[in-house]
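All remarks here apply to the structure that follows.
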Amino acid sequence: MVSTFFRNLLKRLNINPFGRKTHIKLGLYGPPNGGKSTLANKICLDWLGEEMNSSVSHVAHETREIKIKEQVNIKNKKGKELTFSLVDTPGIATKIDYEDFLRKGMNKVDAKKRAKEATKGVIDAIKWLDQMDSVVVVLDATKDPYSQVNITIVGNLQARNIPVLIAANKTDLKKSKMDVIKAAFPQYEVVGISAKYGKNLDLFYEQLFKLAK
């Protein structure tokens, strides 16, 4: 039997003698405008009482730097707890063109600056994969999941053998197609959510416990 003192010591040090991690690095990955930052803010609001302060915008690549919130502790209905560092990453893109930002109304200087920062953000996000224990891939459920970007993301995750949960976001929209998302990623658990309205997040949180096994 593990003494209460020893058990509490292990908990403070985030050490589990039975092999299961009680503290993990959980990364939110996905293409731009899928809702990663909206989900990050919602998770922190639900469990910490404050948002992560991740910026949200209709313009792609609003998040261009890695953002981390330490010690996010969630509980399930059975009383189990899971603590993780939440890592919100820049949207992954296979091509970033400053002209895309011009079309969104930015001036040339700002457009080129955002394109440069966004490119660096993508590189940093891929590098950070080596530090992730688990990853939630956040996808826009209204868009085609068979994109080059998604193939790139999933390929990198599979190569590193990282546990993955697919969060099909924006299911509040009529154009969302859960069946298509599930068909595209049969190897992973897929949960439909609306990060904006908090829809189905109870199931999402329950899946995080399974992801951390």
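Here, each number is a calculation from the coordinates, and none is a lab measurement. Note that the coordinates shown come from a computational prediction; the quantities given were computed from them, not determined experimentally. Neighbour counts are summed over all protein chains in view; Cβ atoms, including those assigned to glycine, are modelled from backbone coordinates with ideal geometry.
When Thr38, Thr152, Thr94 are sorted by how many other C-beta atoms sit within 10 angstrom of their C-beta, beginning with the fewest, the order is Thr94, Thr152, Thr38. The share of alpha-carbon pairs in the stretch 153-192 lying farther apart than 15 Å comes to 42%.
You can think of it this way: the chain between Val180 and Tyr197 has 3.9 nm of extra reach, that is 0.36 nm per residue less the Cα-Cα gap.
Compactness ratio for the stretch 21-211: Cα radius of gyration over 2.2 N^0.38 Å (N = residue count) comes to 0.99.
Using bins of 5 Å that start at zero, the share of Cα-Cα pairs per bin across the stretch 100-213 amounts to 2, 10, 18, 18, 18, 17, 10, 5, 2, 0, in whole %.
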